[in-house]
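J.: To start, I am sharing the structure in question, which I have written as structure tokens.
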Amino acid sequence: MMLKLPRILVVCLLFLINLLNYMDRLTIAGILSELQLSPSEGGFGITDNEAGILSSIFVSTYMVLSPVFGFLGDRVPRKIILAVGVLVWAVSTMLCSFASSYSELLVFRSMVGFGEASYATIAPTLIADFYPVEQRATALAFYFTATPLGSALGKYFQVSIIGREIACFLAPFDL
């Protein structure tokens, strides 16, 4: 038997996933300089070209697969596509943290693009299925508020972490 959640709870859950999704999107941009450090310094020693490819692999995968998931969303139960997409996204995001080489990170970031393409394509249509036309715009507006909010929070936490590292580095110098 399938658990039936109230539609407002579904929209809130999708909002939270979207929020985390957009917070995560800024991660690679924030750590590229660390990834370019040599392996002895804790990085992967990637070149500028490799950094560009790493930044682009997510967008490329996302761009190619979004129409595929849109097509599948009309033929396969959307809840299944969404659940698989969120699972792939979450596991891939976690695996990025444990990547021990550039090639592993490249594969995991492309898998993140796969997961996000399925989720981002299907979630709005699922919300539209739950709400009548008169209430749909409000539900979708709430859901899409996670996009700028998640981007801002991602940037904030990125700056906070980098700022804390700089403060810890400078603390012994009493600056």
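J.: Using Cα-Cα distances under 8 Å and only pairs 6 or more residues apart, what relative contact order does the chain have, in percent? Don't skip to the end; give the middle numbers.
T.: Numbers: 176 pairs, mean separation 58.3, N = 175.
Averaging sequence separation for qualifying contacts and normalising by length gives 33 percent for the chain.
J.: Now for a different question. Show that you can apply the helix-only estimate: for the chain, add -39,500 (n - 2.57) for every DSSP H stretch of four or more residues, divide by all residues, and state [θ] at 222 nm to the nearest 500.
T.: Working: 7 runs with 140 residues, N = 175.
Roughly -27500 deg cm²/dmol at 222 nm, from the helical runs in the chain.
J.: Which of Thr47, Thr61, Thr125 moves most in a GNM of the chain, Cα contacts under 10 Å?
T.: In this elastic network of the chain, the residue with the biggest mean-square fluctuation among Thr47, Thr61, Thr125 is Thr47.
J.: Hey, another quick one. For the chain, what does the convex hull of the Cα positions come to per residue, in cubic angstrom? Don't skip to the answer; put the middle values down first.
T.: On the way: hull volume 25.7 nm³, N = 175.
Normalising the Cα hull of the chain by residue number yields 147 Å³.
J.: Would you mind telling me which residue in Val68, Val84, Val133 has the biggest mean-square fluctuation in a Gaussian network model of the chain, where springs connect alpha carbons within a distance under 10 angstrom?
T.: Of Val68, Val84, Val133, the most mobile in the Gaussian network model is Val133.
J.: Which of the chymotrypsin sites (Phe, Trp or Tyr not before Pro) found in the stretch 73-105 are loop residues per DSSP with 16 or fewer other Cβ atoms within 10 Å of their Cβ?
T.: Details: sites: Trp89, Phe98, Tyr102; in loops: Phe98.
Listed in order of number, the matching sites are Phe98.
J.: Among Gly45, Gly85, Gly154, which one shows the biggest mean-square fluctuation in a GNM of the chain, springs joining Cα atoms closer than 10 Å?
T.: Its mean-square fluctuation being the largest, the pick is Gly45.
J.: Treat each spin label as a single point 7 Å out from the Cα along the C-beta direction, and report the Phe157 to Glu41 distance in nm.
T.: Going from the Phe157 label point to the Glu41 one covers 2.6 nm.
Each reported figure results from applying straightforward, stated rules to the coordinates on display, with no laboratory input. Fair warning: this is a prediction, and the values are worked out from it, not measured in the lab. So basically every Cβ, Gly included, is an ideal-geometry build from the backbone, and we count neighbours across all protein chains shown.
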